[in-house]
1. Report the gain in length on full extension from Val35 to Asp62: 0.36 nm times residue separation, minus Cα-Cα distance, nm rounded to one decimal.
2. Using a Gaussian network for the chain with springs between C-alpha atoms less than 10 Å apart, which of these wobbles most: Asp62, Asp32, Asp14?
3. Can you list residues from other chains, or at least 5 along the same chain, whose modelled amide H is less than 5 Å from the amide H of Gln77?
4. Which trypsin sites (Lys or Arg not before Pro) in the stretch 21-89 sit in a loop by DSSP (not H, G, I, E or B) and have at most 13 other Cβ atoms within 10 Å of their own Cβ?
5. Over all directions, how big on average is the projection of the convex hull of the alpha-carbon atoms in the chain, in square nanometres?
6. Full-extension gain between Arg26 and Glu147, please, as 0.36 nm times their residue separation minus the C-alpha to C-alpha distance.
7. Based on DSSP H runs of at least 4 residues, each adding -39500 (n - 2.57), what is the mean residue ellipticity at 222 nm of the chain after dividing by all its residues, to the nearest 500 deg cm²/dmol?
8. Expressed as a rounded percentage, what relative contact order does the stretch 7-169 have, with Cα pairs under 8 Å and six or more residues apart?
Amino acid sequence: MSMKPTTQIICGIDPGLRATGYGVVRVDDDDDSVVVVDAGVIRASPEGPLSQRLAELAQGIDEVFDEHRVEIVAVEQIYSHYQRPRTAILMAHARGVILLEAARRNAQVVHLPSTTVKRHLTGNGRASKEQMQRAVTSLLRLSRVPEPPDVADALAIAVCAVNVLRQPARPALGNDDLLIH
């Protein structure tokens, strides 16, 4: 009989090309705790070809995943602003590298929209960076606000993933269920 592990290592990631925030938490189901193991920013050279910056990001993500034996990767979904579609495309490159590194380790991946993360932590899907930083500081009982905001965002993504994974599965609605009869 296999027993479900009581602890899991989850890495929340706020993808970016210049700075990718990461937050690694250990979740213990026995005592219902979430503890920060590590958090920081992976920085890629601001100049240089895109391929080189992506390689630097991959190496940094690789080191974090290996050092902490990450089992679950929670990553923010990309959304496109019509005013800045190029930014969304560049962010998608970074996200692709992160997903590749997760797949190489057979890590489970949780995709989270930023509005879901904000709503889980603050009750408001449009919370400000400052509100998110305060919520993360409070929920994780940190002695100071995580800086830069990329780190707070990554920790928020990790905490949201914990909450989402703990929720019992709900049956999916089919298209027919959405029709009004």
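Just so it is clear, none of the values below were taken in a lab; they were calculated from the coordinates. What you see is a predicted model, and the numbers here were worked out from it, not measured in a lab. No Cβ is skipped: glycine too gets one built from the backbone with ideal geometry, and neighbour counts run over all protein chains shown.
1. Values: separation 27, 0.36 × 27 = 9.72 nm, distance 2.13 nm.
Gain on extension, Val35 to Asp62, equals 7.6 nm.
2. Between Asp62, Asp32, Asp14, it is Asp32 that shows the largest mean-square fluctuation.
3. Leu112, Ser114
4. In loop regions of the stretch 21-89 (DSSP not H, G, I, E or B), the sparsely surrounded trypsin sites (Lys or Arg not before Pro) are Arg69.
5. For the chain, averaging the hull's shadow over all directions gives 13.7 nm².
6. Extending this stretch completely gives an extra 41.6 nm.
7. Numbers: 6 runs with 81 residues, N = 181.
Helices in the chain give a 222 nm mean residue ellipticity of -14500 deg cm²/dmol.
8. Computed value for the stretch 7-169: 29 percent relative contact order.
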